[in-house]
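Please treat every number below as a calculation from the coordinates, not as lab data. Quantities reported herein were computed from a predicted structural model and do not represent experimental measurements. Here Cβ is always computed from backbone atoms with ideal geometry, including for glycine, and neighbour counts include all displayed protein chains.
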Amino acid sequence: MTRLVVASIDRILAGSRRYDEPDFRMRTIMHVDLDAFYSSIEQRDNPALRGKPVIVGGDPASRGVVATASYEARRFGVHSAMPTRTALRLCPSAVLVPPRFGVYRQVSEQLHALFLALTPLVEPIAFDEAFLDLSSLLSSPVEAGDSARALKRQIQEETGLTASIGVAANKLVAKVASDRQKPDGLTIVPPGEERGFLAPLPVRHLFGIGPRTEDRLRASGIERVSQLAEADPAWLLARFGQSGLEWQRLARGIDERPVTPDRELQQISRERTFPRDISARAELHAALDTLVAELGPLLRDAPPARTFTLKLRYADLATVTRRRTPGRVVTADVLRAGALDLFDKSWDGRPLRLLGLGISNFIPAAAGQLSLFDTDLASRSGP
Ligand code: DCP
Ligand code: MG
């Protein structure tokens, strides 16, 4: 209720402020993303690694890939999803550490608990990343400074790690903002400044614009968000269909997707587009393992699921989706074994550009068994 009143007063006060969307409602969305998550945990737990280039990843001998690298290693050009072999060539002094998913998952749970202490409207995106909708607590992103600094402090105290936070009136801008001053950053984008904030970025920063779309836009002379924002809508529509208009809305800083706690989702899924097409089975298995690990904490928070789905996209963009319902609840272990098996049966050996994994077909929580989310979801059914 308060939120609605505040939003309408704000719209009246805004006066000259212009939004392309008539029913625009001011929201305060926070995006939290930990810095160099896996490698920061390794440096935290082993002081000998602090200040050094650290690579968390798979064994180069079995075509392992980099999960993440410390900022010291990134200076050498090392990045996620690169073959470990290449990474060690770029940065021979790096210490290679195998991933400890169990530990990362525990930290992820600690983080999730801190987020939930602020608001039930938490949408986990990865182990170390979530959107929080703080609209009912704060009437504008510009009021979020104290909450964001307090959250960063709590994260530091509870986990010993640094986080970067972005706050804005929507998810897109909050996400870009959290990246702006990494590591240990805080960036708040005041309402009305979304479009200018996004303008200089390459278009790939917008949701839904992957490498292929980026190429198509570039072929039409569009590389920056500002160019997309200014393009003639009729031309965009003719050339790219409805998607062109949707990208333009994002480019103009408009994004109305709600923050969605996973309980409400039909499917919880994660996918990876690889920086280059991959045809090595071991690398694909490793990527699948990462997806399983990312889904882990969400599996725990979501209602039990009966079905898991594997998605393969080949280099020629042919996409295959395979579903399996194992006859028992999909736990992390069931998912790990099942996904690998399903992958081996589904993949035809050609290079893949994307791998995705999801769970669905949720069993409703038993009556009387309240979860953290149940108590608060009612408040979301408002406007
Ligand atoms: N991860 C992975 N494989 C990838 C990307 C990420 O295994 N291709 C894992 C390792 C990361 C974690 O997910 O530590 C979080 O991913 P981020 O993209 O947030 O990367 P980092 O937290 O490592 O770094 P940044 O400081 O850029 O957020
Ligand atoms: Mg991160």
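Judged by the ratio a/c of the largest to the smallest principal axis of the C-alpha gyration tensor, segment 253-354 counts as oblate, that ratio being 1.5 or greater while a/b is no larger than b/c.
Determine, from the Cβ-Cβ distance of LEU245 and GLU109 and an R0 of 41 Å, the FRET efficiency 1/(1 + (r/R0)^6), rounded to the nearest 0.05. All intermediate terms of the calculation are to be shown ahead of the outcome.
Values: r = 40 Å, r/R0 = 0.98.
It comes out at approximately 0.55.
Round to the nearest 10 and give me the degree value, 0 to 90, for the angle of helix 2-14's Cα axis relative to the longest principal axis of the chain. Between helix and principal axis, roughly 60 degrees.
By other beta-carbon atoms within 10 Å, ranking TRP247, TRP347 with the fewest at the front produces TRP347, TRP247.
Per-residue 3J(HN,Hα) values for segment 111-122, derived from phi via the Karplus relation 6.51 cos²θ - 1.76 cosθ + 1.60 with θ = phi - 60°, read 4, 4, 5, 5, 5, 5, 5, 8, 7, x, 8, 10 Hz in sequence order (x marks Gly and Pro). The simple spin-label model puts a point 7 Å past each Cα toward its Cβ; for ALA337 and GLU223 those points are separated by 5.2 nm. In order along segment 33-43, phi translates into HN-Hα couplings of 9, 5, 8, 6, 3, 4, 6, 5, 5, 5, 5 Hz, rounded to whole numbers, per the Karplus curve 6.51 cos²θ - 1.76 cosθ + 1.60 with θ = phi - 60° and x for Gly and Pro. Dividing the mean sequence gap of close Cα pairs (under 8 Å, 6+ apart) by how many residues segment 197-260 holds gives a relative contact order of 37 percent.
Shown for segment 22-192 is the translational diffusion coefficient from the Stokes-Einstein equation, using the Kirkwood radius over Cα pairs, a temperature of 20 °C and a viscosity of 1.002 mPa s: 128 µm²/s.
Considering every alpha-carbon pair of the chain, the percent of pairs per 10 Å bin, from zero through the bin containing the longest distance, is 5, 20, 30, 30, 14, 2, 0.
Look at the alpha carbon pairs under 8 Å that are at least 6 residues apart: their mean separation over the length of the chain gives a relative contact order of 15 percent.
The Stokes-Einstein estimate for segment 197-260, based on a Kirkwood radius over Cα pairs and taken at 10 °C with 1.306 mPa s viscosity, is a diffusion coefficient of 136 µm²/s. Once you list every other residue whose beta carbon is under 10 Å from the beta carbon of GLN43, what net charge do they have if Lys and Arg are +1 and Asp and Glu are -1? Spelling it out: positives minus negatives among the neighbours equals 0. Against the chain, whose longest principal axis is taken from its Cα atoms, helix 171-180 shows a tilt of about 60°.
Calculate how steeply helix 242-251 sits against the longest principal axis of the alpha-carbon atoms of the chain, using the helix alpha-carbon long axis, and give the answer as 0 to 90 degrees to the nearest 10. Here the helix axis deviates by roughly 80 degrees. A helix-only calculation puts the chain at -12000 deg cm²/dmol for mean residue ellipticity at 222 nm, using -39500 (n - 2.57) for each DSSP H run of at least four residues, averaged over all residues.
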